[in-house]
Amino acid sequence: MPSQRIYLPGSTIGVMGGGQLGRMFAIAARRMGYRVHTFSPDEDTPTGQLADREVAASYDDAEAVRDFARGIDVLTFEFENVPTQTVEWASEFCEVRPSANVLHICQHRLREKQFLAGAGLPLPPFMPVNSAAELAEAVKHLGTPAVLKTAAFGYDGKGQRKIDLREDPAKVWESFGGSNAVLEQFVEFEKEVSVIVARGADGKMAAYPVCENMHRNHILDVTVVPAGISAEVDVQARVLAGEVAEKLGLVGLLAVEMFLLKDGTLLINELAPRPHNSGHFSFDASITSQFEQQLRAVCGLPLGSTESLRPAAMVNLLGDLWAKGEPNWAAVAAMPQVKIHLYGKVEPRPGRKMGHLVAFGNSAEEAMHLALEARSTLVKASTPAAKRRVPAKSAH
């Protein structure tokens, strides 16, 4: 039974990871009167720019991790790929939410799929693969097309490869790098959707409206809320997300990505025990953002309302947008129904998530069109590329 201790405003929350999810969490936490410390291998991170204290050290540095944990009340995460040993060191000195076990399951595709299957939850057929011979057998059993995925540390489509009928499994395995993997039957889906659900230490849960997601090059491109689905599917998806959170014993926030098939069936694709890109709309469009909800859940406060204020759409801003110069922020700032979020990253590399836009409309479709128009506007009148000044490191 997890601890139900409550951490009130004024407490210090630790965040493992320094990316944009931690940055937006820090905004929500500091607004509610909490202090935020962040730990990651890098300096001047998106989270660190807004934290009260930023620690730059390796996750394998036991002394640094323990010292960090001594200075906080509760530890949470902005990404799940933190070594289990790191979490165990931290748990000697502070509460950890979600638990090391939840991270252990969700940071490894095979463990995640085996957990879901063992819990009787719906997901595409899969088989573990550790050699060319096992891949050939899995292809024979599951058929093609199929998707080969690395078992560990995959995100944004990294470590994935589709396999077609005429390909030689031995050559595929050789080009894949010979790492532990999972072969998954390719699913002909109608839509990709996700649900963000929070669960407190008392077992109470709150789920956000279902998000409809569109990807480009395996990276989330557009999220629309509410999703264009039936009321029955909406309820089914939220219930399914709650079942996953409960079976995990989660204390915190969980994103459940799903495939919606043409017959209305939902299959779970992936889990993320943290805020999720598809939940960014909530920062502006919900009574309680996913980041405030994460804070409430890990601190033992009552969960907030997940009600949406208006239909909304989110579009990601990748580093590719900077190819012809600095995007035209002033043009988009002049659009009254659009909100700009930038993550404080200095170097706009192709494929790197630099920020996002959220647009509002009278309908989800109207919001999506406006969000896409706003992103287009950014590059139509971009200014010539200029050398970006690296900000001096400020003392915390």
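Applying the selection to the stretch 30-55, what residues are within 15 Å of residue 71 (Cβ to Cβ), of a type outside the set (S, T, N, Q) and not in a loop (DSSP other than H, G, I, E, B)?
Hits for the stretch 30-55 are 35, 36, 37, 39, 53, 54, 55.
Would you check which residues across the stretch 19-36 are under 15 Å from residue 344 (Cβ atoms) and open to solvent by less than 10 Å² (accessible area, probe 1.4 Å) and list them?
Passing the criteria: 22, 24, 25, 26, 36.
Here are the criteria: (1) touching a Pro at 6+ places or on another chain (Cβ under 8 Å); (2) modelled with pLDDT under 95. Tell me which single one residue 178 does not satisfy.
Result: residue 178 fails condition (1) only.
Go through the stretch 74-83 and report how many residues are crowded, with 20+ Cβ neighbours inside 10 Å and more than 10 Å from residue 16 (Cα to Cα).
Total satisfying the criteria: 1.
Quick one: in the stretch 112-144, which of the residues that are at pLDDT 95 or above and part of a helix (DSSP H, G or I) is nearest to residue 186 (Cα to Cα)?
113
Would you confirm, using the coordinates I've provided, whether residue 358 is in contact with a Lys or Arg (Cβ under 8 Å, 6 or more places away or on another chain) and either farther than 11 Å from residue 318 by Cβ or surrounded by fewer than 18 Cβ atoms within 10 Å (Cβ to Cβ) (or both)?
yes
Looking at residue 295, is it in a helix (DSSP H, G or I) and under 18 Å from the mean Cα position of the chain (by Cα)?
Taking the combined requirement at face value, the residue satisfies it.
Is the stretch 236-243 home to any residue that is in a loop (DSSP other than H, G, I, E, B) and out of contact with any strand residue (DSSP E or B) (no Cβ under 6 Å at 6 or more places or on another chain)?
Scanning the stretch 236-243 turns up no residue that is in a loop (DSSP other than H, G, I, E, B) and out of contact with any strand residue (DSSP E or B) (no Cβ under 6 Å at 6 or more places or on another chain).
Is there any pair linking a residue in the stretch 287-304 that is on the phi > 0 side of the Ramachandran plot to one that is open to solvent by 20 Å² or more (accessible area, probe 1.4 Å) and among the basic types (Lys, Arg), with Cβ under 7 Å and at least six apart or on different chains, and which?
If the second residue must be open to solvent by 20 Å² or more (accessible area, probe 1.4 Å) and among the basic types (Lys, Arg), the pairs left are 300/5.
Just checking, how many residues over the stretch 330-347 are open to solvent by less than 50 Å² (accessible area, probe 1.4 Å) and touching a residue at least 40 places away in the same chain (Cβ under 8 Å)?
Residues in the stretch 330-347 being open to solvent by less than 50 Å² (accessible area, probe 1.4 Å) and touching a residue at least 40 places away in the same chain (Cβ under 8 Å): 8 in total.
Which count do you get for residues in the stretch 299-335 that are touching a strand residue (DSSP E or B) at 6+ places or on another chain (Cβ under 9 Å), in a loop (DSSP other than H, G, I, E, B) and over 20 Å from residue 26 (Cβ atoms)?
The total comes to 10.
What do you reckon, is residue 99 within 20 Å of residue 250 (Cβ to Cβ) and of a type in the set (S, T, N, Q)?
yes
In the stretch 8-18, how many residues are under 19 Å from residue 98 (Cβ atoms) and either in contact with a helix residue (DSSP H, G or I) (Cβ under 9 Å, 6 or more places away or on another chain) or surrounded by fewer than 19 Cβ atoms within 10 Å (Cβ to Cβ) (or both)?
6
Out of the residues in the stretch 37-47 that are touching a Lys or Arg at 6+ places or on another chain (Cβ under 7 Å) and under 15 Å from residue 345 (Cα atoms), which is most open to solvent (accessible area, probe 1.4 Å)?
Result: 43.
Looking only at the stretch 90-103, filter to residues that are in contact (Cβ under 8 Å) with a residue 60 or more places away in the chain and in a loop (DSSP other than H, G, I, E, B); which one of those is surrounded by the most Cβ atoms within 10 Å (Cβ to Cβ)?
Among those that are in contact (Cβ under 8 Å) with a residue 60 or more places away in the chain and in a loop (DSSP other than H, G, I, E, B), it is 98.
Being of a type in the set (A, V, I, L, M, F, W, C), crowded, with 19+ Cβ neighbours inside 10 Å and more than 17 Å from the chain's Cα centre (by Cα) is the filter here; which residues of the stretch 305-329 pass it?
312, 321, 322
Just checking, does the stretch 201-208 include any residue being within 30 Å of residue 303 (Cα to Cα), part of a strand (DSSP E or B), open to solvent by 50 Å² or more (accessible area, probe 1.4 Å) and of a type outside the set (Lys, Arg)?
Yes, the stretch 201-208 has at least one match.
Are any residues in the stretch 64-89 part of a helix (DSSP H, G or I) and under 17 Å from residue 294 (Cβ atoms), and if so, which ones?
Within the stretch 64-89, 87 is the sole residue that qualifies.
The values are calculated or read from the model by the stated rules, or taken from the named source; none is laboratory data. Computed from a predicted model, the values in this text were never measured in an experiment. With ideal geometry, Cβ positions are generated from the backbone for all residues, glycine too; neighbour counts draw on all protein chains shown. Areas reflect the complete protein model, heavy atoms only, side chains present, ligands, DNA and RNA absent. Shrake-Rupley method; radii C 1.70, N 1.55, O 1.52, S 1.80 Å.
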